[in-house]
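Below is one structure, written out as structure tokens; comments come after it.
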Amino acid sequence: MVPLSGQANDHDGVVRAAAGSRFVLLGENTHGTREYYVERGRISERLIREAGFGAVAIEGDWSATYRVNQYVRGLGSDRSAEQALSGYQGFPRWMWRNAEFRDFIDRLRTWNLGQPAERRAGVYGMDVYDVFDAADAVIGYLGSVDPRAAATARRQYACFAPYRRSTHAYGEAARRASRSCEEEVQAVIGLVEGLPTPTGPVQRERHFAARRSAASVAGGEAYFRTVYAGSLAWNVRDQHMARNVEEIANHVGALSGRPGKVVVWSHNTHSGDARATFAADRGELNLGQLMRQRYRDAAFLVGFFTYTGTVMAAPEWDAPGRVYQLRPALPESYSGLFHRAGVSNFSMMLRGNASAAEFGRDRLERAVGVIYLPQSERQSHYFDARLTEQFDSIIYFDRTNAVSPLR
């Protein structure tokens, strides 16, 4: 265990171990904890500055996050980080519209503006919930480069018109094959992929955004169609995330002329290797597993944990978020074990660490997403995991605080 004291060298071990990787996945065991955003920001900045990482991919929607990407790159019309973050309108707003993430993107913009355009680090979304805004972005881009292609894309996307921009209405209807828009969204992908790649970093950035916007429409269509069909939509989602991360790496690598390297911010249940958890028995895979299978040691997975404190969450989906008291972790869980160690905040390397062998057997791990149900915490928020197989390193805070939402 290496104690964390808030100093600049806190994460030397993680940075050294991860610097040679192509993908560094930084987790969180809640979606509403201040310390996770702060420390992921500190680690990401060091990987960008010291190890040549070219992007941060977050568990956020493509369109809203691309607005943030424009801001940190010195593009677009937003004049403040808060303006750039205002695109996050859907539930849960606090997940990215918070002071901690705002401060990170402001620092990244400041660093970027001292770099040539092709070396500036981007911020991109990788999730699947962005269908209609992404479709609008595709049509907007095509309208600026090929009006005839824009008209074709508009006709194809008109398949969604009866659902009035409701993914839930679409998912219900798509359970019947005749109502699916799968062929139409794939046709638009072919249309965008067929465009010539422009020259110049700014033009290439716009072209890349259009390609991934089209892919986001397709990913969202597949996800909501699968959700309402009762199949493993989780797998559709994480496979889409993995594809986005790979495409982002290829893009920033092509821009900079050096290997593309990406930092990923997502929940522990995405960032860790699902094969070491209960998810494997359910037939679920995840982003961390996919990156390890494809890239082996070039994927470095970091889990974040806490014992107690406060957390921002909601009692149910689409309900307003509020600050909860996070119950002390169960004594038999990993966080309970870390608490008894008596070190308030620490990092610990698991990869290649023989002394961490005791974390290689099943033990309870807590996961709080955007929903927190303290009245049923054991059933709702704990699962079995083998930590040494799930992560390469962990970061632990004994007491944490809720994020600070922006108005």
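Details
- Extension reserve of the residue 325-residue 384 stretch, reckoned as 0.36 nm per residue once the Cα distance is removed: 18.9 nm
- Assigned charges on the beta-carbon of Lys, Arg, Asp, Glu; the chain dipole about Cα centre (debye): 600
- Applying 0.36 nm per residue to the separation of residue 178 and residue 8 and subtracting their alpha-carbon distance, the gain on full extension is 55.4 nm.
- Per residue, the convex hull volume that the Cα atoms of the stretch 221-328 enclose (Å³): 164
- One equal scatterer on each Cα of the chain, no solvent, Debye formula: the resulting log10 I(q)/I(0) at q = 0.06, 0.09, 0.11, 0.13 Å⁻¹ is -0.23, -0.53, -0.80, -1.13.
- A dipole drawn for the stretch 29-82 from +1 and -1 charges on Cβ atoms has a positive end, and of 62, 77, 37 the residue lying farthest that way is 77.
- Long-range amide H partners of residue 301 with built H, under 5 Å: 25, 392, 393
- Degrees, to the nearest 10: 132-145 long Cα axis against longest axis of the chain: 50
- The stretch 66-169 shape via C-alpha gyration tensor axes, a/c threshold 1.5: oblate
- Dipole-positive endmost among 252, 114, 21 within the chain (Cβ charges, Cα centre): 114
- The C-alpha atoms of the chain define a longest principal axis, and helix 182-193 lies at about 80 degrees to it.
- Using only side-chain charges placed at the Cβ, +1 for Lys and Arg and -1 for Asp and Glu, the dipole size of the stretch 9-99 relative to its Cα centre rounds to 220 debye.
- Under the simplified labelling scheme, the residue 49-residue 89 pair shows an inter-label distance of 3.7 nm, with each label point 7 Å from Cα along Cα→Cβ.
- Acute angle (nearest 10 degrees) that the helix 99-112 long axis makes with the longest principal axis of the chain, alpha-carbon atoms: 70
- Zone residues, the stretch 129-143, relative to residue 154, backbone N less than 19 Å from point 7 Å out along Cα-to-Cβ: 132-143
Values quoted throughout were computed directly from the atomic coordinates according to the rules given, and no laboratory measurement underlies them. From a predicted model like this one, the values you see are computed outputs, not experimental measurements. Virtual Cβ from ideal backbone geometry, glycine too; neighbours counted across all protein chains shown.
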